[in-house]
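Notes follow the structure.
The values are calculated or read from the model by the stated rules, or taken from the named source; none is laboratory data. These numbers were taken from a predicted model, which means no experiment stands behind them. No Cβ is skipped: glycine too gets one built from the backbone with ideal geometry, and neighbour counts run over all protein chains shown.
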Amino acid sequence: MRVVVIGGSGHIGTYLIPRLIGAGHEVINVSRGQREPYTPHGAWQRVTTVVADRTAEEADGGFGQRIADLDGDVVIDLICFTEDSAKALADALAGRVRHFLHCGTIWVHGPSVQVPTTEDVKRAPFGEYGVRKAAIEAHLLERAHREGFPATIVHPGHITGPGWVPVNPAGNVNPEVFQQLAEGSEVALPNLGMETVQHVHADDVARLFMDALASPSTSIGESFHSVATTALTLRGYAEAVAGWFGRDARLSFLPWEEWRATVSEFDGRITYDHLLHSPHCSMEKAERLLGHRPRHTSLEAVSEAVERLVRDGVITP
Ligand SMILES: NC(=O)c1ccc[n+]([C@@H]2O[C@H](COP(=O)([O-])OP(=O)(O)OC[C@H]3O[C@@H](n4cnc5c(N)ncnc54)[C@H](OP(=O)(O)O)[C@@H]3O)[C@@H](O)[C@H]2O)c1
């Protein structure tokens, strides 16, 4: 099939594009041409790249038509962040594509209630990003169910892989936390370190897109989480990371407000977002409907990323 990927040169696309080519699809990647995949792959030589700036072209009202004109059987939209943007694209593609796959986020859920959280729970997102992504999901599913628009939604957790810094055991993306654990320095965690994070290897996200694409009759009109099958407590995560460097984690615990004062405003904000969500999403639906099981645990996904950070000199053991 002819598959158009919007935003395919980032975390997910690094793995998704080679998988699509490997499965025999004709692939068109639409991006601004600024980013390179994190890991090079020969498959890119067989990809057609269309340079387009979605933001600029949406402002002119021409982006949807531009994508429709690429005549894809399938469109995979990895970079949609507003309902208006989703609506304009769906308007342009209705009746023209066999399958439309949108990348959402587990942030469509608010703070975890009964875990593992399933895809069918009532949405209670907070924060602009999660609220907007939930509105996109609602819009696409409504269209799928009422008008037969062939939409599937994949909701990744904290996307992780070699080439970028994973969400760390303090719930932010400052590589210094990995460094401190690697050298045996004391690391302060917020509260009791019992809040959770839930990573997913970028290749498992790519695999879920492939599995959904292979089963349109079961995946259309549905949302699927894409996370490692279990979540990690910050404390357990910190202990595991220290263990990779042959150390026992030296942890201290501070009440939230005190802890926040020890880090930058930016790190504090990212950590707060992760703590308040404390995600623990279920992967049961993807297994039941698509036969999909993630290949990486959270720790396996993170360890691959950390190994690369060591190799790149970001972390010095
Ligand atoms: N990162 C996470 O942990 C995480 C977690 C949950 C959900 N998500 C979801 O994952 C999706 C993002 O996927 P990703 O992490 O693989 O993306 P990414 O690594 O941020 O890559 C973004 C891709 O989009 C292209 N792009 C960015 N701005 C563009 C524009 N204005 N016009 C055209 N192309 C543009 C980039 O290439 P150029 O720069 O060359 O244009 C690149 O190919 C989002 O829907 C996000 O909500 C991410």
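Assorted remarks:
- For segment 268-283, the tally of residues that are part of a loop (DSSP other than H, G, I, E, B) and farther than 24 Å from residue 179 by Cα stands at 4.
- Inspection of segment 81-100 identifies no residue that is within 16 Å of the ligand (Cβ to nearest atom) and within 18 Å of residue 227 (Cβ to Cβ).
- Restricting attention to segment 189-213, the residues that are more than 14 Å from residue 153 (Cα to Cα) and hydrophobic (A, V, I, L, M, F, W, C) total 6.
- Test: residue in segment 177-189 that is away from the ligand (no atom under 12 Å from the Cβ), under 26 Å from residue 14 (Cβ atoms), out of contact with any Leu (no Cβ under 9 Å at 6 or more places or on another chain) and small (Gly, Ala, Ser): yes
- Filtering segment 248-263 to residues that are among the polar types (S, T, N, Q) and more than 29 Å from the chain's Cα centre (by Cα) leaves only 252.
- Restricting 228, 301, 286 to residues that are aliphatic (A, V, I, L, M), touching a strand residue (DSSP E or B) at 6+ places or on another chain (Cβ under 6 Å) and part of a loop (DSSP other than H, G, I, E, B) narrows the list to 228.
- Scanning segment 34-78 for residues that are within 23 Å of the chain's Cα centre (by Cα) and without any contact (Cβ under 8 Å) to a residue 12 or more places away in the chain yields 34, 40, 55.
- The strands (runs of 3 or more DSSP E) falling completely within segment 118-218 include none with 3 or more residues that are modelled with pLDDT under 95, outside the structural domain of residue 262 (by TED's automatic domain parsing) and not small (Gly, Ala, Ser).
- Taken residue by residue, segment 209-217 has at least one member that is crowded, with 24+ Cβ neighbours inside 10 Å and within 16 Å of the ligand (Cβ to nearest atom).
- Test: residue in segment 47-62 that is within 15 Å of the ligand (Cβ to nearest atom) and basic (Lys, Arg): yes
- Identity of the residue in segment 1-46, away from the ligand (no atom under 14 Å from the Cβ) and small (Gly, Ala, Ser), that ends up farthest from residue 92 (Cα to Cα): 42
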